[in-house]
Amino acid sequence: MTEKSPIVKLDTVAEYNDMFGVKTLNPLVSVIDMSKCPPMKHCKHVFGFYAIYLKDVKCGDLIYGRQTYDYQEGTVVCLAPGQVIGMADNGEKFQPKGWVLLFHPDLIHGTSLGKHIKEYSYFSYEVREALHLSEREREIFIDCLTKIQQELEHDIDRMSKRLIAKNIELLLDYCLRFYERQFITRDNANHDILTRFENLLDDYFASNKAGINGLPTVKYCATELYLSPNYFGDLIKKETGRTAQEYIHNKIIELSKERILNPTQSISEVAYDLGFQYPQHFTRMFKRIVGTTPNDYRRQAL
């Protein structure tokens, strides 16, 4: 039986720096050129801070949560505090290459970045949904890291925290742009996901899963499509202009219109069959989207 690799818990940026023998210039933020670090052993980590990796070489199978992924060259992986990541332990050391930016939540409290950090939904993407950079994008990415490093090497003054936080925010904004580009350049794959999403909803309601399990959630659909909820939601919004939740709700209303016109079913029966726990919830959603109540819609149509 293979012994499970222990999970190394690092709560501070300084602890991460110490692990690689890197000098801590600021206890809340660090930029590390991994090629200058000594060879490391494979293990899994959980951090108490944000980590953004730009990996330049394939160096093993990456474990993220409970799944293993092939770690391709030139990818950016973003981790929020509390996420588990690491390498499959093969008993050997390897020389990491690339860059890593670490910043503690305490750094961004009271800053513009602190107010908007939840907007960067890619921190909750799976590793297989990582960002793949072009050469030009990689240059921009490293330029942002260089500016942060320059601020770290500057004498600390009253502007230090603000400028470091702003440069991190700039990097994260660029990552948003690069992800939007990736959604576009992978249009065929995205269209296939949208088609599978539509088929998933059709099958869900046709097989009466709604009546048994209730309304389909975004998390359920993402899991069935083997995607993280955030990546799935961002992709659907990019493809359709609507959130995944809005897409599901509109699908439900379109299906309900056919069923409402069946005079043998009451509005309450339609609501229960579609997965609503309370008919009044169905009525409120129908009126919000259609502009009239289900009963009025039936009367007008018939």
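Just a few scattered comments:
- Stretch gain in nm, segment Thr292-Ser35, where the contour uses 0.36 nm per residue and the Cα spacing is subtracted: 86.2 nm
- Couplings for the stretch 250-262, taken from phi via the Karplus curve 6.51 cos²θ - 1.76 cosθ + 1.60 with θ = phi - 60°, read 5, 4, 4, 5, 5, 5, 5, 4, 5, 6, 4, 7, 8 Hz in order; Gly and Pro are left as x.
- Given charges at beta-carbon only (K, R positive; D, E negative), |dipole| of the chain in Debye: 720 debye
- Highest to lowest packing among 209-219, 234-244, scored as the average C-beta count within 10 Å: 234-244, 209-219
- Residue-normalised convex hull volume from the C-alpha trace of the stretch 1-50: 85 Å³ per residue.
- On Cα atoms only, tilt of 229-240 relative to the major axis of the chain in degrees: 60 degrees
- For the chain, the solvent-accessible area works out to 53 Å² per residue, with a probe of 1.4 Å and every protein chain left in place.
- Per residue Cα convex hull volume in Å³ - calculated over the stretch 212-290: 97 Å³
- Accessible surface of the chain, 1.4 Å probe, proportion on carbon and sulfur as whole %: 49 percent
- Near Ser228, the amide H atoms lying under 5 Å from its own belong to Glu126; only residues 5 or more places off or on other chains count, and H is placed 1.01 Å from N.
- Computed on the Cα atoms alone, the convex hull of the stretch 195-257 gives a volume of 76 cubic angstrom per residue.
- Direction-averaged projected area, Cα convex hull, the chain: 19.7 nm², rounded to one decimal.
- log₁₀ of I(q)/I(0) at q = 0.22, 0.23 Å⁻¹ - the stretch 117-234, Debye sum with one point per alpha carbon: -1.22, -1.28
The values are calculated or read from the model by the stated rules, or taken from the named source; none is laboratory data. Worth saying up front: this structure is predicted, and the values here are computed from it rather than measured. When we count neighbours, we look across all protein chains shown, and the Cβ atoms used for this are built from the backbone with ideal geometry, even at glycine. Protein only, heavy atoms only, side chains kept; ligands, DNA and RNA dropped before computing areas. Shrake-Rupley method; radii C 1.70, N 1.55, O 1.52, S 1.80 Å.
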